[in-house]
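A short write-up of the structure that comes next.
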Amino acid sequence: MAAMQYRAVQGSHPTTFNIGSGEMNTLSAFADKIQQVAFDDKRPNKSVSKSVIDVERSNAARSAGFTSNEYLGWSAQTTLKDGVAKLLAWHLDRALPFFPSSTLDEEEVDYSESEGVMKHMDGKDLLSKNNVESCSTQEGDATCLLEQHTSYPCASECSTMTCTSSIFDAVLPIVHDTTEGCYMVLYTAPLGYDVESLDVETEYSDSGSTFEYHEGTVCTIAFVPSESTLVKNVIKDLPVNAQSMLDTSPSDSYSTKLKKLNGHLAHKGFLLIFVDGATHPLPPEETLLPKLAPARLFHSSVRRAMYVDESFSHTPYPEDALFLSTETYRGVTKSRTIKGHDEKGRETKYKLPEEPQRYAVMLASQMRDISTGEGHTVSLRDATRAMMDEKGYESDAHEPKEVRAQREFYERGRALINSMQLRSSDPAHRHKIEIKDFIRSKWVLYNLKLEEGHHVRCEWYKEHGRWAGSNTLDSGMDHLSFAYVMAKRELSRKIVSEEPLPKELSLTEKVIKAATDAHEWHPVFLGGGSKIPLHDSFKASAAQAIPLNIADRPEFELDKVVPETVSLDTKTSYFVRIMSDEVMLKARKNWAKFIAKFEKH
């Protein structure tokens, strides 16, 4: 700024300042320095190439008549090596914000750390390896570009090499041992206060349980404070003969019993995992970890996990969790004929196109009582009110200050992004950000083995960590954070894939929407610069109304098509599925009929 405002005392020619460090370097030396910083000096220099032009000093430097220190009172303090390290660290944290990278060749990945999976290097670790001091926004450094929430607990699947210790570190070996052999984990985590009893109840299940009609078993787990009244009562009420079976005795100290009994006692159907230091309020990164970033908590054999809030009044049993798991994937559904009405209300047949194979990286239930409307205009105040009702707030309760700040930020951000001044002049890129995917987050089910799901969870974890208050009992509206994350991802997908601007649904499209659940599957997009969408959404506009004069032909008879079995050889699209109560109830009845038929035969 000082250089821009400088006025020459004599003459009218522009003044050129040299604001460099004065350290002379060629382009090839600069390339070598980048290589040394990035690869820890372990690779030979490869920049001596004819394609690299070496210059002793740039034309701009030669023409500079003044040095910045002489006239501006400022001189460069950062060496070339330090500057390169900081630049690479900045790019690294933005290119790979979460573990692991998005360029894996394998279809599935493991975040559990059970098999020694290594966390990747992050910006702080790169600076540390090169002996460069990292900056901090918390210390008032206005020039620091490092985000406040970049280091997460090591037990979080989102953490990199620069991670922090947490209350979960000590219990990871116990949980991994307990969940080995489990296909799915149904779990809850009442932490941050003195738990007297679990409000939720289920049916105990472990890796030894077998469901012959399904591909795996469900393990039920509860993370509870080891100092809580619940744990003390459970241990106190343990019969003497049971203590001897678990290699403990009444004469053992309480700490000894905690150590020996951890992971071996159950309460209300949940196997208890005792977590030390969890009766007091916890930081948001620890409070939110079991719910939003759980993959590293469990053994690598666990493929799916279903979190249930401790205040949820209808805890799913293991077979309910398995049912919901079956709703996270679907094979190809062949073209079929359905019945609806045309613009004049006449009964009409429609031919639906083939629907692609789908996998949901996450499944949740749709929020009730949200005012309908366009996603770019729906009232976030009304949505937040519905979320507060779902969390058990009194009807006349005021918004907590953290929730209000979050809602107002989203409202203003949406208005700014959707303003015509910031929207592209290209019609293909004039999409608006729509905050509309509202869920009930009392329970949520994850696929832990898909990288697309890992990114969704970590973005949710990161976003809500910014807003969650320090009060463990009120960790904010994570469903509001989720809606914002989905809105940003959807806007990016539409712009990158150059999707046409949405139009008002035609009658045909409304019929298709009513006849299928395709609108519940929200495509997941990881980016990468491709103009081709990374999903195959079901396009209702491809459906055809069958003319009345040929509707009675055999090829147009009403079909009852069942999706095919999921095939590993078929191209798969990945989605977040937000399931309505109506569709869930219908699917649950069909699943119950299948189980009854299976058991009968």
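The values are calculated or read from the model by the stated rules, or taken from the named source; none is laboratory data. Quantities reported herein were computed from a predicted structural model and do not represent experimental measurements. Cβ atoms come from the backbone with ideal geometry, glycine included; neighbour counts cover every protein chain shown. Calculation scope for accessible area: heavy atoms of the full protein, side chains included, ligands and nucleic acids excluded. Shrake-Rupley method; radii C 1.70, N 1.55, O 1.52, S 1.80 Å.
If you check Ser365, Ser313, Ser325, which single one turns out to be hydroxyl-bearing (Ser, Thr, Tyr), out of contact with any Ser or Thr (no Cβ under 6 Å at 6 or more places or on another chain) and assigned to a strand (DSSP E or B)?
On the way: Ser313 fails: assigned to a strand (DSSP E or B); Ser325 fails: assigned to a strand (DSSP E or B).
Exactly one residue qualifies, and that residue is Ser365.
Would you call Leu271 aliphatic (A, V, I, L, M), in contact (Cβ under 8 Å) with a residue 40 or more places away in the chain, out of contact with any helix residue (DSSP H, G or I) (no Cβ under 6 Å at 6 or more places or on another chain) and farther than 19 Å from Asp177 by Cα? So that I can check it myself, show each step before the final result.
Details: aliphatic (A, V, I, L, M): yes; in contact (Cβ under 8 Å) with a residue 40 or more places away in the chain: yes; out of contact with any helix residue (DSSP H, G or I) (no Cβ under 6 Å at 6 or more places or on another chain): yes; farther than 19 Å from Asp177 by Cα: no.
Here the answer is no, as Leu271 does not meet what is asked.
In the set (1) in contact (Cβ under 8 Å) with a residue 60 or more places away in the chain; (2) open to solvent by 20 Å² or more (accessible area, probe 1.4 Å); (3) in contact with a helix residue (DSSP H, G or I) (Cβ under 8 Å, 6 or more places away or on another chain), the condition left unmet by Gly263 is number (2). Between Ala305, Ala321, Ala295, which is crowded, with 22+ Cβ neighbours inside 10 Å and in contact with an Asp or Glu (Cβ under 7 Å, 6 or more places away or on another chain)? None of the others qualify; the one that does is Ala295. When you look at Glu343, is it open to solvent by 30 Å² or more (accessible area, probe 1.4 Å), in contact (Cβ under 8 Å) with a residue 60 or more places away in the chain, out of contact with any strand residue (DSSP E or B) (no Cβ under 9 Å at 6 or more places or on another chain) and farther than 24 Å from Lys488 by Cβ, yes or no? So Glu343 passes the test.
Per-residue answers, yes or no, for (1) out of contact with any Phe, Trp or Tyr (no Cβ under 9 Å at 6 or more places or on another chain); (2) modelled with pLDDT of 55 or more; (3) assigned to a loop (DSSP other than H, G, I, E, B); (4) among the basic types (Lys, Arg):
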| site | (1), (2), (3), (4) |
| --- | --- |
| Thr15 | no, yes, yes, no |
| Ala29 | yes, yes, no, no |
| Gln35 | yes, yes, no, no |
| Val48 | yes, no, yes, no |
| Asp54 | yes, no, yes, no |
| Trp74 | yes, yes, yes, no |
| Lys81 | yes, yes, no, yes |
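On the given criteria, is Leu282 assigned to a loop (DSSP other than H, G, I, E, B) and among the aliphatic types (A, V, I, L, M)? Give the steps one after another, and end with the answer.
Numbers: assigned to a loop (DSSP other than H, G, I, E, B): yes; among the aliphatic types (A, V, I, L, M): yes.
So Leu282 fits the description; yes.
From the set of residues in segment 328-340 that are touching an Asp or Glu at 6+ places or on another chain (Cβ under 7 Å) and in a strand (DSSP E or B), which is most open to solvent (accessible area, probe 1.4 Å)? Break it down stepwise before answering.
Step one: list which residues in segment 328-340 are touching an Asp or Glu at 6+ places or on another chain (Cβ under 7 Å), which gives 331-337, 339.
Checking the rest, the ones that are also in a strand (DSSP E or B) come to 333, 336-337, 339.
Details: Thr333: 9, Arg336: 30, Thr337: 2, Lys339: 103 Å².
Per the criteria, the residue is Lys339.
Among the conditions (1) in contact with a strand residue (DSSP E or B) (Cβ under 6 Å, 6 or more places away or on another chain); (2) surrounded by fewer than 24 Cβ atoms within 10 Å (Cβ to Cβ), the only one that His314 does not satisfy is (1). Residue count for segment 165-199 satisfying the condition of being within 21 Å of Leu288 (Cβ to Cβ), open to solvent by less than 50 Å² (accessible area, probe 1.4 Å) and of a type in the set (Ser, Thr, Tyr): 4.
Every residue, every condition in (1) modelled with pLDDT under 85; (2) out of contact with any Ser or Thr (no Cβ under 9 Å at 6 or more places or on another chain); (3) open to solvent by less than 10 Å² (accessible area, probe 1.4 Å), yes or no:
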site: Trp460; (1), (2), (3): no, no, yes
site: Val485; (1), (2), (3): no, yes, yes
site: Lys494; (1), (2), (3): yes, yes, no
site: Leu501; (1), (2), (3): yes, yes, no
site: Ile512; (1), (2), (3): yes, no, yes
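Of everything in segment 146-169 that's among the aliphatic types (A, V, I, L, M) and out of contact with any strand residue (DSSP E or B) (no Cβ under 8 Å at 6 or more places or on another chain), which residue is modelled with the highest pLDDT? It would help to see each step written out before you state the result.
Our first condition is that a residue be among the aliphatic types (A, V, I, L, M); within segment 146-169, this holds for 146, 155, 161, 167.
So of that shortlist, the ones also out of contact with any strand residue (DSSP E or B) (no Cβ under 8 Å at 6 or more places or on another chain) come out as 146, 155, 161.
Numbers: Leu146: 65, Ala155: 92, Met161: 77.
Taking the candidates together, the pick is Ala155.
Condition (residue is within 27 Å of the chain's Cα centre (by Cα) and more than 30 Å from Asp110 (Cα to Cα)) applied to segment 176-194: is it met by at least one residue?
Going through segment 176-194, the residues within 27 Å of the chain's Cα centre (by Cα) turn out to be 176-193.
Filter again for more than 30 Å from Asp110 (Cα to Cα), leaving 193.
Yes, because at least one residue in segment 176-194 is within 27 Å of the chain's Cα centre (by Cα) and more than 30 Å from Asp110 (Cα to Cα).
Residue check: is Val524 under 29 Å from Glu582 (Cα atoms), open to solvent by less than 70 Å² (accessible area, probe 1.4 Å), modelled with pLDDT under 75 and hydrophobic (A, V, I, L, M, F, W, C)?
Numbers: under 29 Å from Glu582 (Cα atoms): yes; open to solvent by less than 70 Å² (accessible area, probe 1.4 Å): yes; modelled with pLDDT under 75: no; hydrophobic (A, V, I, L, M, F, W, C): yes.
Against the criterion (under 29 Å from Glu582 (Cα atoms), open to solvent by less than 70 Å² (accessible area, probe 1.4 Å), modelled with pLDDT under 75 and hydrophobic (A, V, I, L, M, F, W, C)), Val524 does not qualify.
Hey, among the residues in segment 89-115 that are open to solvent by 50 Å² or more (accessible area, probe 1.4 Å) and within 29 Å of Asp177 (Cβ to Cβ), which one's modelled with the lowest pLDDT? Among residues in segment 89-115 that are open to solvent by 50 Å² or more (accessible area, probe 1.4 Å) and within 29 Å of Asp177 (Cβ to Cβ), the one modelled with the lowest pLDDT is Leu104.
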